[in-house]
Amino acid sequence: MIHTFYFDDIYDYFFVFLRLSALFMLFPGIGEAFVPVRVRLILSFVLTLVITPVIDAGLPSTELMASETLMYILKEILFGTFLGLLARILLSSLQIAGTIIGLQTSLSGAAILNPTLGMQDTAIGTLLMFAVITMMFATDCHYLLIAALISSYEIFPPTGPVLIGDFSQAITEIIAQSFWLGIKLSLPVIIVGLLLSICIGLVNRLMPQMQVYFMFAPVQMFLGFMLLAIIISSIVNVFIDSFRDFLTGVANG
């Protein structure tokens, strides 16, 4: 189907570009600090040309210099930032899982710069984030992102009100979901670490003169590496399934 572009349509493209660029500012894998701003802007511009003809019926009909244009601009930026923030909060569950795994395996001191967070993080958490971001694009989750963006115009129409209460409830729920997901991803390591701590306590009671920490620290690290090598693929798959469900839920309204 051929779509004819009229000059008046530039207002519709402008509003879609605002929401899309705000979403890409925070969305995992695209809104990272190491991704050049020009790349994000070009990607937003290209997707705007593709998406706008599909959703132009729900866009506000206003002149670019009208008085209500500023309100539409602020709402579009708010809606895009809100969607990107939800995805970013869900991604933080990997940081929680990496921190717990690092504590249980005595590897929490191995901190490196995590480019996705812009701060120091455990090496395990950084590894998990890079693995998940790679799998997101390998499993075509970015197509669900486009579908979720199109459906967002039905959930958050530009001419509709800003539902602060719904925003607060959604953020609260996604924070709880992210925390529980981080606990669930690291649950095998928590169980093994708990059993090892019980064994260390029993040995310490039976042989108080033994230097328990120096004896069991290598064992704890070795078991941690072995267990992580076994479950890391499951961690990535479980998170990708949860992330896909999140995008599907937004796409389905």
Next on the checklist: If each DSSP helix of 4+ residues adds -39,500 (n - 2.57) and the sum is divided by the residues in the chain, what number results at 222 nm, nearest 500 deg cm²/dmol?
Outcome noted: -25500 deg cm²/dmol
Item to check | Sites I77 and D241, calculated FRET efficiency, Cβ-Cβ separation with R0 35 Å, nearest 0.05 | outcome: 0.70
Checklist outcome for this item: Of the convex hull enclosing the alpha-carbon atoms of segment 169-253, the direction-averaged projected area in nm² is 7.2 nm²
Checklist entry - If contacts are Cα pairs under 8 angstrom and at least 6 residues apart, what is the relative contact order of the chain in percent? => result 24 percent
Checklist entry - Expressed in nm to one decimal, what extension gain is obtained for the pair M207 and V54 from 0.36 nm per residue of sequence separation less their Cα-Cα distance? => result 47.8 nm
Checklist entry - Highest GNM mean-square fluctuation, the chain, Cα pairs closer than 10 Å: which of L127, L194, L202? => result L202
Checklist entry - For R244, R19, R38, what ranking results if the residue with the fewest other Cβ atoms within 10 Å of its Cβ goes first? => result R38, R244, R19
Checklist entry - What is the local net charge at T134, summed over the other residues whose Cβ is closer than 14 Å to its Cβ (Lys, Arg +1; Asp, Glu -1)? => result -2
Item to check | Cα-centre dipole for segment 127-253 with unit charges at Cβ (Lys and Arg positive, Asp and Glu negative), debye to 20 | outcome: 560 debye
Item to check | Cα-based helix-to-principal-axis angle, 10-24 vs the chain, degrees rounded to 10 | outcome: 10 degrees
Item to check | Efficiency of FRET between I175 and E32 - r from beta-carbon atoms, R0 22 angstrom, step 0.05 | outcome: 0.55
Checklist entry - What does the convex hull of the Cα atoms of the chain come to per residue, in Å³, rounded to a whole number? => result 136 Å³
Checklist entry - Hey, if you put +1 on the Cβ of every Lys and Arg and -1 on every Asp and Glu Cβ in the chain, which of P218, C141, L90 ends up farthest toward the positive end of that dipole? => result P218
Item to check | Cα-centred dipole magnitude for the chain, charges only on beta-carbon of K, R (+1) and D, E (-1), debye, nearest 20 | outcome: 1100 debye
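Only the coordinates and a few stated rules stand behind these numbers; no lab work does. None of these values were measured; they are calculated from a predicted model. Quick reminder, even Gly has a Cβ in these numbers, built from the backbone with ideal geometry, and neighbours come from all protein chains shown.
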